[in-house]
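Participant: Okay, handing you the structure first.
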Amino acid sequence: MEIDPFIFRLSIFILSIFVGYYVVWSVTPSLHTPLMSVTNAISSVIIVGAIIAALANNSENIFQTSNLFGFMAIILAAVNIFGGFLVTQRMLQMYKKKKK
Amino acid sequence: MSANLSATFYLISGILFILALRGLSSPETSRRGNYFGIAGMTIAIIVTFLSVGNFGTGFIYVLFFLVIGGSVGAIIAFKIPMTAMPELVAGFHSLVGLAAVFVAISAFLNPEAFNLGVIGNIKLASLIEMSLGAAIGAITFSGSIIAFLKLRGIMSGAPITFKGQHILNLLLGLTILVLIFYLCLSQSSNIFWSIVAISFLVGVLLIIPIGGADMPVVISMLNSYSGWAAAGIGFTLENSALIITGALVGSSGAILSYIMCKGMNRSFFNVILGGWGATDQSKSVSSKEQKPVKSGNADDAAFLMKNASSVIIVPGYGMAVAQAQHALREMVDSLKKNGVKVSYAIHPVAGRMPGHMNVLLAEANVPYDEVFELEEINNDFANCDVAYVIGANDVTNPVAKSDPASPIYGMPVLDVEKSKSVLFVKRSLSPGYAGIDNDLFYRDNTLMLFADAKKMTEEIVKSL
């Protein structure tokens, strides 16, 4: 009997929730704001779907409705990716140890 | 690029994202962690281009839009003041949510491109996944917009409640599920659009009853939602990078919500159902009587602190509003020159988002090893000469320990009253967000400093 690939994806999903659970508990509370901005940035990996949507064309017209939604999603995700990683970087640069 | 190879690369970028979060376990490793995150994102994007393999005109447009969005993001990231981080994060959540909605719509309109079947005959599992992704994405979007407006002050932070609100939300939630069921039967695009529209509405209704000071929970919760939306899309696209990321972000937001709720000793549902503060206000006003208060000026405060051997600073949201963090650092510098030992005590829900105070203090060049969490520092108040409370209120209220009738009873609070003297910078005696009078104002060892947090701190610096 064959296993549905969905089950494999579900396994990845559930295991990742566990990984996330342990990794996030180990984040120091003073970095919770950067944690939020970086999770924001990485969840914009949804841009992968946006690129596929934008570039999918089965006709000459590259601006079908479905492509347009893809392009719009690219802009939104790109704002988030660059904004998220850069603002995280900016914040993390500010965390300094006591000068001895 | 073969599907197997690209799947392997997506897995690698998923692992890099895990390492990015792992890096945040300490400030030293955090910057490296951020680079892991950037590397993971770069890999995911390049692999997607290669596996689509379409480098025609469309590709140019994609790059163009990527640059436009990226520049906007970069400008925002460099310009945004640190005090506005909560709004920024809420705004970013809304973008993730809307992007998820757009991708889901696109997949519904052109399922062939995603190998999901053809229009009118989309695979059942994909249909469920994409409609769930779209629904959660839409809720994230409109909810985050409301949160953004409240944090920005464009919309009042007061909870908006009406009769039957929770029943309405419940009905709308059930309607979405029923519609998803019918969508699977009929594949009708009208039903799909209705799901998206109702979800937008639910997002708004879900956030309006939640008050301003509960925003740390709201932001964390929306963070979690944006993750689940991404995971839903990840299942649709059969993309492991998205599934891993979605799960990470989803659990991260959930844990932060839990930490925030625990910091207020309230259940998650209690916060979500909202309306706190609005109901308790009347009660506390009626019980309020005129009690004697000792108030002082900057010179008194400077004198007290200069002659202390240890001072603990308790910052709160008021410090962020007054932008007093830099003045505060200056004050601490002159105190240290006088040989005073200074540390900072941060309550988990101080500010409008998790870790808000820590970022502001870091911005003002306060070394992070002088900043302590509640559990780490609470015992030190008993041995401390002066507690300087700046912009915090409810999180210092001893009533949380003594009065079981108080709405904040059981909430962990900073034991500032145990220090020899308490300096309380506040504009007036008005109660905090919870609408509860703070017993601390009337204690013998409390000196009230009635002024704007920044102005008062600057004056203290001058007289030091």
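Participant: Could you tell me how many degrees, from 0 to 90 and to the nearest 10, lie between the Cα long axis of helix B:57-79 and the main elongation axis, the longest principal axis, of the Cα atoms of chain B?
Facilitator: So the inclination is approximately 0 degrees.
Participant: Here's another thing I want to ask about it. Can you give the average number of partner chain beta-carbon atoms within 10 Å of each beta-carbon in peptide B:136-143, as a whole number?
Facilitator: 0
Participant: Can you give me the % of accessible surface on the protein assembly as shown that is carbon or sulfur? Probe 1.4 Å, all protein chains present, nothing else counted.
Facilitator: Carbon plus sulfur share of accessible area: 64 percent.
Participant: So for each of B:84-94, B:336-346, B:202-212 I average, over its residues, the number of other beta carbons within 10 Å; can you give me the resulting order with the highest mean first?
Facilitator: The packing order, highest mean first, is B:84-94, B:202-212, B:336-346.
Participant: Taking all pairs of distinct Cα atoms, average 1/r, flip it, and tell me the Kirkwood hydrodynamic radius of chain B in Å to one decimal place.
Facilitator: Every distinct Cα pair counted, the radius reaches 24.4 Å.
Participant: Partner chain Cβ atoms within 10 Å, averaged over the residues of B:381-392 - can you pull that number for me?
Facilitator: Counting other chains' Cβ atoms within 10 Å and averaging over B:381-392 gives 0.
Participant: Just need the relative contact order of chain A here, percent rounded to a whole number, with Cα pairs under 8 Å and 6+ apart.
Facilitator: 29 percent
Participant: At 37 °C and 0.692 mPa s, what whole-number value in µm²/s does Stokes-Einstein give for the translational diffusion of the stretch B:302-447, with Rh from the Kirkwood sum over Cα pairs?
Facilitator: Stokes-Einstein gives a translational diffusion coefficient of 216 µm²/s.
Participant: Over the Cα atoms of the protein assembly as shown, compute the convex hull volume and normalise it per residue, giving Å³.
Facilitator: Hull volume normalised by residue count: 149 Å³.
Participant: Something else: Can you pull the three principal axis extents for the Cα set of the stretch B:39-145, in Å, largest first?
Facilitator: 49, 34, 22
Participant: Please list the three semi-axes, largest first and in whole Å, of the ellipsoid equivalent to chain A, using sqrt of 5 times the eigenvalues of its alpha carbon gyration tensor.
Facilitator: Values for chain A, descending: 35, 24, 7 Å.
Participant: With the other protein chains left in place, how much accessible area per residue, in square angstrom, belongs to the stretch B:201-260 at a 1.4 angstrom probe?
Facilitator: Per-residue accessible area for the stretch B:201-260 comes out at 14 Å².
Participant: Sticking with this one: Quick one: angle between helix B:325-337 and the longest Cα principal axis of chain B, in degrees between 0 and 90, rounded to 10, please.
Facilitator: 50 degrees
Participant: What list of ³J(HN,Hα) couplings, whole Hz, do you get for the stretch B:30-35 from phi and the Karplus terms 6.51, -1.76, 1.60, once you set θ to phi - 60° and write x for glycine and proline?
Facilitator: 5, 5, 4, x, 4, 5
Participant: Across peptide A:6-14, how many C-beta atoms of other chains are within 10 Å of each residue C-beta, on average?
Facilitator: Rounded to a whole number, the mean comes out at 4.
Participant: A follow-up question, please. Over both sides of the A-B contact, add up the buried accessible area with a 1.4 Å probe and give it to the nearest 100 Å².
Facilitator: Accessible area lost upon association: around 8300 Å².
Participant: May I pose another question? What per residue convex hull volume, in Å³, comes out for the stretch B:81-132 when only alpha-carbon positions are used?
Facilitator: Taking only Cα atoms, the stretch B:81-132 has a hull volume of 76 Å³ per residue.
Participant: Now for a different question. Check which residues have an amide H placed less than 5 Å from B:V342's amide H, if you skip close sequence neighbours.
Facilitator: Correct list: B:V311.
Participant: Mind scanning B:K150/B:K336; B:K294/B:K341; B:K337/B:K454 and naming the pairs with a C-alpha gap bigger than 28 Å?
Facilitator: B:K150/B:K336
Participant: Only loop residues by DSSP count here, and only those with at most 15 other Cβ atoms within 10 Å; note down the chymotrypsin sites (Phe, Trp or Tyr not before Pro) in the stretch B:1-85 that meet that.
Facilitator: B:F55
Participant: Return one number: the angle in degrees, 0 to 90 and rounded to the nearest 10, between the long axis of the Cα atoms of helix B:453-463 and the longest principal axis of the Cα atoms of chain B.
Facilitator: 40 degrees
The values are calculated or read from the model by the stated rules, or taken from the named source; none is laboratory data. Everything numeric here is computed off the predicted structure, so don't read it as measured data. Counting neighbours? That spans all protein chains shown, and the Cβs are built from the backbone with ideal geometry, glycine included. Each accessible area value is taken on the protein alone, full model and side chains, heavy atoms only, with ligands, DNA and RNA left out. Shrake-Rupley method; radii C 1.70, N 1.55, O 1.52, S 1.80 Å.
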